[in-house]
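First the structure, in the form of structure tokens, and then the observations on it.
Every read-out reported here was derived from the displayed coordinates using simple, explicitly stated rules and does not represent laboratory data. What you see is a predicted model; the values in this text were computed from it and never measured. So basically every Cβ, Gly included, is an ideal-geometry build from the backbone, and we count neighbours across all protein chains shown.
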Amino acid sequence: MPSMTEIYNRHAFEYDELVSHEDYSGNLPRKLHAIFNFNNKSVIEFGVGTGRLTKLYIQQVKQVSCFDRSVHMLDKAKANLEPFKGKTTLDICDNNYINRLDLKADFIIEGWSFGHTIMENADEVFKTTDKLVSDCALLLEKNGTIIIIETLGTDMEKPIPPAKTLEVFYNYLEEKHNFKRIIIETDYKFTTVHEAVRVLGFFFGEETAKSISEKNNTIVKEFTGIWYRKF
Ligand SMILES: C[S@@+](CC[C@H](N)C(=O)[O-])C[C@H]1O[C@@H](n2cnc3c(N)ncnc32)[C@H](O)[C@@H]1O
């Protein structure tokens, strides 16, 4: 099984296949558009990956600046977001260096990327969270909003942060930085159990593959948290 870094540096196609099966009920776009008004707004997105999250709001917005530290993922995002190239920019930025950007936007959004940064700085969760939030806040237009979308578990029966470090991160976002949390179901749907095992096993590993195989279900449960705060 490849590491996360190998996946983001070499397997954008497989990642894109994975997320194409995620949230088959469309709960994430439904919730995002129910809470936030993206109409004609500017957006900065971090850890854009292949542009899956971007595609959920890009039709409504005026302009989006997308960032990721993986050129390979950005290349796939560029192809996926081709129909919107007139209002999209894609550039390299590591989440640890957001403070180097000189930009402003109405929304800062990220999906399943800050969690990686927190895990990579697991001995400094509070400091890393403070920096991510303050660096993002500096890029916001007046009354702007930060939206953080992170995992609450794949192949789980109820929402649980999959690592203690992430639990600390999520709680700190709420308790110290006053973010609100919303929990949604973002279940995967596959044509066959074999496909579910192959696609999810590639990303999440052998244990997840075995569990999915034993459950013998083409639907794989997943929970996602949306944390947001207006500044
Ligand atoms: C799980 S993917 C999420 C991609 C996309 N947001 C989505 O919703 O599918 C994580 C992404 O974060 C990027 N990433 C991980 N650590 C990063 C960091 N420190 N700085 C910038 N991007 C990072 C990876 O390259 C990858 O594209």
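Brief remarks on what is shown
- With R₀ set to 25 Å, the beta-carbon distance separating K189 from M156 gives a calculated FRET efficiency near 0.95.
- Relative exposure of C136, C93, judged by other C-beta atoms within 10 Å (fewest first): C93, C136
- Globularity index of the stretch 115-197, i.e. its alpha-carbon radius of gyration over 2.2 N^0.38 Å: 1.31
- In whole angstrom, the stretch 47-101 maps to an equivalent ellipsoid with semi-axes of 18, 13, 9, each derived as √(5λ) from the alpha carbon gyration tensor and ordered largest first.
- Relative packing of 40-52, 184-196, which averages over residues the other C-beta atoms within 10 Å, highest first: 40-52, 184-196
- Of all lysines in the structure, those lying under 19 Å Cα to Cα from K41, and not within fewer than 8 positions of it along the same chain, are K31, K55, K62, K85, K87, K104, K142, K230.
- Taking the Cα centre of the stretch 1-82 as reference, the dipole from Cβ charges on Lys and Arg (+1) and Asp and Glu (-1) amounts to some 400 debye.
- For the pair the stretch 50-64 / the stretch 161-194, the C-alpha centres are spaced 21 Å from each other.
- Expected 222 nm ellipticity per residue - DSSP helices of 4 or more, -39500 (n - 2.57), all of the chain, to 500: -11500 deg cm²/dmol
- The antiparallel fraction among DSSP beta bridges confined to the chain stands at about 45%.
- Projected label distance in nm at H116 and K85, using a 7 Å step from Cα toward the beta-carbon: 2.5
- Where only alpha carbons of the chain are counted, the Rg and the Dmax (Å): 17.0, 51
- Placing R0 at 41 angstrom, the Cβ-Cβ distance between S213 and N40 gives a FRET efficiency of 0.30 after rounding to 0.05.
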